[in-house]
Structures are given as structure tokens and as C-alpha cells.
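Student: Can you keep this structure in mind? I'll have questions shortly.
The values are calculated or read from the model by the stated rules, or taken from the named source; none is laboratory data. Just so it is clear, the structure is predicted and the values come from calculations on it, not from any experiment. All Cβ positions, even for glycine, are placed from backbone atoms using ideal geometry, and neighbour counts span all protein chains on display. Only protein heavy atoms, including side chains, enter the accessible area calculation; ligands, DNA and RNA are left aside. Shrake-Rupley method; radii C 1.70, N 1.55, O 1.52, S 1.80 Å.
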Amino acid sequence: MIRNVLALVILLAMAGAAFSQAGSDDEQRRRLIEQKFRLVEMLVNSPAAKSSAYGRDAETPMLVEKGKGLLDDARKAIDEGRLDDAASALDAALKSASSASRRLSSEGGLSDSAQRKQLADMTEQVRTYRAAVDDLRRDPKLEQEAIRVLGEIDRLAAEGNKLAGADRLGEANRHMADAYKLAVQELSRLRAGQEVVLSLNFETPAEEYAYEQKRFGSNQIMVDMMIGEGRAEGGKRQLVDRFVGEGRRLKLEAESEADAGKYKEAVTLMEEATKQLNRALQSMGVPVF
């Protein structure tokens with residue numbers, strides 16, 4: 001995984017060299033900047049970068065988030081024809097993401113304890129949505145379908161737990177992510193046109209904020225899964241990226257409020273951030289609520 005990230009850095013260096021030779025042809029410059037944008041995007045959205053939030057080093061995820069913010073700035077500058085600003089933002093994003101990659105390499109990648117935390121967070125989300133699906137068994141019209149969906153959720157979750165027991169944590173996380181995706185999609189489908197309420201109780205706003213952070217992370221994984229399945233092809237990708245970018249911006253605002261001890265405000269911002277990810281999913285045909 002780390003070798004792949006470093007290979008991207010090399011490709012980006014080559015793209016930068018090509019850019020310096022391009023001269024003043026605006027169309028050529030734009031094509032090269034777009035190419036560099038895609039390469040930087042691959043770097044900041046790599047599995048290693050996404051997993052940095054669960055790593056041992058607190059600075060690495062900050063570098064990754066900074067890179068994502070600069071990438072959003074670059075996208076806006078490209079769309080507005082400000083090519084010099086776009087190039088500067090991409091250079092800064094590359095510097096930040098490359099620093100994060102080096103730190104991840106020195107850490108030796110994602111630790112077992114970090115992968116187990118990721119698995120625990122996803123398992124909590126699966127449990128929440130599974131309970132909502134289980135409630136549908138009370139409806140005679142939905143009982144049999146709910147039982148079928150529960151069986152599929154439980155099968156995927158059981159496979160994930162079995163893999164985790166065998167220390168195959170990467171595969172375990174993928175199975176649990178599939179269980180989460182299935183639970184959310186099927187609950188949305190079965191409850192189409194109805195209001196869905198997930199019953200959750202928190203003793204403090206800080207606990208609720210922590211849960212909203214996990215929910216955002218789980219939905220981010222689902223967005224990535226849908227993109228990986230080709231649901232954001234063509235012009236739809238720009239719309240998805242805009243929703244995701246706004247979600248990340250709100251998440252960063254929430255983190256600032258939480259750092260100041262303003263957890264109620266942070267929760268409200270995180271709820272809005274997750275709504276942005278839901279809109280990204282809806283634009284890809286996923287009927288989430």
C-alpha cells in the first residue's frame with residue numbers, strides 16, 4: 001500500500017515537470033493541472049490516507065485533512081479558470097499529502113489496534129441499523145423481507161468477526177462495511193416514504209458528538225464504496241465531490257467547536273456534515289435517509 005502511495009508521488013513529480021515545460025498555452029496548462037489534480041486526489045484519498053485517523057500519530061490525519069481542503073480549493077480554482085491559483089493549491093496539497101505518506105510509511109502503516117478500532121466503530125453502526133431493520137418485523141407486510149435482510153446482515157457481520165478472530169483485519173473491515181452498506185440501503189428501501197427514527201440515547205453531548213463522528217466516517221466509507229462501483233461516472237462525480245467537500249468543511253468546523261468544549265454546536269454541525277454525505281449518496285442512486 002505504501003509503495004503505491006510513493007509511486008503516486010513520483011507520478012506527481014513527473015506531472016509537475018511536464019507543467020513547467022508547457023509554456024503559456026492555457027488549454028495545455030488546464031489539461032496538465034487536471035491531470036495533476038486527479039493524481040493528488042488519488043493520493044489524499046488512498047486507503048492509507050483514509051486510515052490515518054486510526055493511526056498512532058496525531059499529526060498525520062491533520063496533514064491529510066489539510067491536503068483535502070487544499071484539493072477543494074484547487075477544484076474551485078480550476079472551475080473558475082484561475083489556473084495559477086489551482087497550481088499553487090495543488091502544490092501545497094501534494095506537499096501536505098506527501099508528508100502524511102512519509103509519516104505513515106515510518107509508522108509501518110495502520111496498526112492492528114487501529115484496524116480493530118475501525119472495526120469496532122463500523123460494528124457499532126451495523127448494530128444500530130440492524131436494530132431498526134429488526135423493528136420492521138412487527139409489520140406483517142414487511143416481516144418476511146426484514147427477516148431475509150437480517151440474515152444477510154448477520155452473515156456478513158459473522159464473516160467479518162471470523163476474519164477478525166483470524167487477525168485478517170483488513171478483510172474483516174471490508175465485510176463489516178458491506179454489512180453496514182446493506183443495512184442502510186435495505187432499511188431505506190423498506191421504509192421508503194416513511195420517517196425513520198433511530199433510537200439512540202447519550203448521557204452527554206460529548207458522547208453524542210463522538211457517535212456523530214463515527215457515523216460520518218461510516219458514511220464516508222459508503223461514499224467511497226459507491227464511487228468504486230462506478231456510481232459517480234461522468235459529470236455526476238463533480239456533484240458528489242461538492243457534497244463531500246462541504247461535508248468535510250462542516251466536519252472541520254465541528255471539530256473546532258468540540259475543541260472549545262462546545263459539543264452541542266459540534267453535534268449540530270456534524271449532523272449537517274452527514275447530511276451532505278447522504279446527498280452525495282442520493283446523487284449516486286442510494287436511497288439513504
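Student: Accessible area of F202, 1.4 Å probe, to the nearest 10 Å²?
Tutor: In the full protein context, F202 sits at about 70 Å².
Student: Something else about it: Using DSSP to call loops (not H, G, I, E or B), can you name the GluC sites (Glu not before Pro) in segment 164-271 whose Cβ has at most 15 other Cβ atoms within 10 angstrom?
Tutor: Working: sites: E171, E186, E195, E203, E207, E208, E212, E229, E233, E246, E253, E255, E257, E265, E271; in loops: E195, E203, E229, E233.
Sites meeting the loop and neighbour criteria: E195, E203, E229, E233.
Student: Which value, in Å² and to the nearest 10, is the accessible area of K251 when all protein chains are kept and the probe is 1.4 Å?
Tutor: So the heavy atoms of K251 present about 40 Å² to solvent.
Student: Starting from the Cα of A206, step 7 Å along the direction of its Cβ; do the same at M42; then give the gap between the two resulting points in nm.
Tutor: Roughly 4.3 nm, to one decimal.
Student: Tell me, in nm to one decimal, what length is gained between D167 and A131 on full extension, where the rule is 0.36 nm per residue of separation less the Cα-Cα distance?
Tutor: The D167-A131 span can extend by a further 10.2 nm.
Student: Would you mind calculating the gained length between E272 and S99 on full extension (0.36 nm times residue separation, minus the Cα-Cα distance), in nm to one decimal? Let's see the in-between values first.
Tutor: On the way: separation 173, 0.36 × 173 = 62.28 nm, distance 3.02 nm.
Net length gain for the segment: 59.3 nm.
Student: I need the fraction of alpha carbon pairs in segment 108-158 separated by more than 15 Å, rounded to a whole percent.
Tutor: Details: 701 of 1275 pairs.
I get 55 percent for the Cα pairs in segment 108-158 exceeding 15 Å.
Student: How much of S88 can a 1.4 Å solvent probe reach, expressed as accessible area in Å² and rounded to 10?
Tutor: So the heavy atoms of S88 present about 70 Å² to solvent.
Student: Using the structure shown, list the pairs from K95/K262; K117/K264; K95/K214; K36/K117; K181/K236; K66/K214 with a Cα-Cα distance above 23 Å, or answer none. Write down the numbers at each step before the final one.
Tutor: Values: K95/K262 32 Å; K117/K264 25 Å; K95/K214 28 Å; K36/K117 34 Å; K181/K236 20 Å; K66/K214 20 Å.
The answer is K95/K262; K117/K264; K95/K214; K36/K117.
Student: Could you do me a favour and compute the accessible area per residue for segment 142-289, 1.4 Å probe, result in Å²?
Tutor: Working: 7400 Å² over 148 residues.
So segment 142-289 comes to 50 Å² accessible per residue, rounded to a whole number.
Student: Also, I was wondering about something else. Per 10 Å bin, what percent of the C-alpha pairs of segment 112-253 does each bin hold, from zero upward?
Tutor: 11, 34, 37, 17, 1
Student: For segment 257-284 and segment 142-170, write down the distance between their C-alpha centroids in whole Å.
Tutor: One Cα centre to the other: 28 Å.
Student: Under a cut-off of 13 Å between alpha-carbon atoms, report the aspartates and glutamates in cross-link reach of K251, not counting same-chain residues fewer than 8 places apart.
Tutor: E65, E212, D259, E265, E271, E272
Student: How much of the accessible area of segment 124-222, in percent, comes from carbon and sulfur atoms when a 1.4 Å probe is used?
Tutor: Working: 2430 of 5240 Å².
Taking all protein chains in place, segment 124-222 shows 46 percent carbon and sulfur surface.
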